[in-house]
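The values are calculated or read from the model by the stated rules, or taken from the named source; none is laboratory data. Here the structure is a predicted model, which is why all the values come from computation and not from measurement. In this analysis, Cβ positions are derived from the backbone assuming ideal geometry, glycine residues included, and neighbour counts consider all displayed protein chains. Note: areas computed on protein heavy atoms with side chains; ligands, DNA, RNA excluded. Shrake-Rupley method; radii C 1.70, N 1.55, O 1.52, S 1.80 Å.
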Amino acid sequence: MTKSISILLGAGFSAPIGYPIGNQLNELLLHCNGSEFGFSPAGELCSNSKGDPKPKFGFETALENEFQFCLAVIKYYNENIKPFDYEEFYDYVVEEAIKDDNLNEVAKPHLKNGKNFEDLIRQIPTVYNQIVGFYLKDKNKKKWYDDAPQLIGNSIEGYRGCLLYTSPSPRDRQKS
């Protein structure tokens with residue numbers, strides 16, 4: 001009988017290469033104000049290279065209002081529901097926010113351009129996922145797979161220990 005090996009990778013697995021761990025990501029999201037990025041007319045988060053201030057399009061794009069509402073809901077959640085956790089907040093938005101009558105007050109300043117409360121709530125995951133993605137950068141400010149190395153040999157900086165582990169070959173398992 002062949003045994004399987006499973007490797008469970010938690011959030012801390014990305015820490016050696018400089019990605020933010022959960023508490024760091026929570027702080028980044030709690031203190032986000034949008035000064036580093038904007039939302040293009042196509043609805044995609046965009047930023048200027050070299051950390052310049054927020055891109056200016058000359059008008060409020062469709063998702064800018066929804067972004068401000070998302071920030072207001074993050075603040076509301078942190079102050080009225082429970083201390084902010086980026087994963088639990090996402091679950092709240094997807095499963096509970098639509099039923100939270102108190103959010104109607106939070107939404108009032110954002111009911112623009114024919115948007116209603118339900119439209120605003122449904123848009124949060126689209127905005128929120130892009131914000132989270134913006135903050136997922138390694139210590140060299142590379143995002144996700146920017147310039148991702150190809151494994152040549154047996155080492156990727158920060159993960160040498162994990163990558164050197166190999167399971168025994170079927171032949172070696174038979175010997176033991």
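A compact table of results
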{"item": "Of the criteria (1) surrounded by 15 or more Cβ atoms within 10 Å (Cβ to Cβ); (2) at pLDDT below 90; (3) touching an Asp or Glu at 6+ places or on another chain (Cβ under 8 Å), which one THR61 fails", "result": "(3)"}
{"item": "Only one of PHE59, PHE69 that is over 21 Å from the mean Cα position of the chain (by Cα) and of a type in the set (Phe, Trp, Tyr)", "result": "PHE59"}
{"item": "Residues of segment 22-45 satisfying the condition of being closer than 18 Å to PHE89 by Cβ, part of a loop (DSSP other than H, G, I, E, B) and open to solvent by less than 10 Å² (accessible area, probe 1.4 Å)", "result": "GLY34"}
{"item": "GLU95 being loosely packed, with under 10 Cβ neighbours inside 10 Å and within 22 Å of the chain's Cα centre (by Cα)", "result": "yes"}
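Here's the yes/no breakdown for (1) in contact with a Cys (Cβ under 6 Å, 6 or more places away or on another chain); (2) open to solvent by 80 Å² or more (accessible area, probe 1.4 Å); (3) assigned to a loop (DSSP other than H, G, I, E, B); (4) modelled with pLDDT under 90:
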residue	(1), (2), (3), (4)
LYS108	no, yes, no, no
LYS115	no, no, yes, yes
LYS139	no, yes, yes, yes
GLN150	no, yes, yes, yes
LEU163	no, no, no, yes
THR166	no, yes, yes, yes
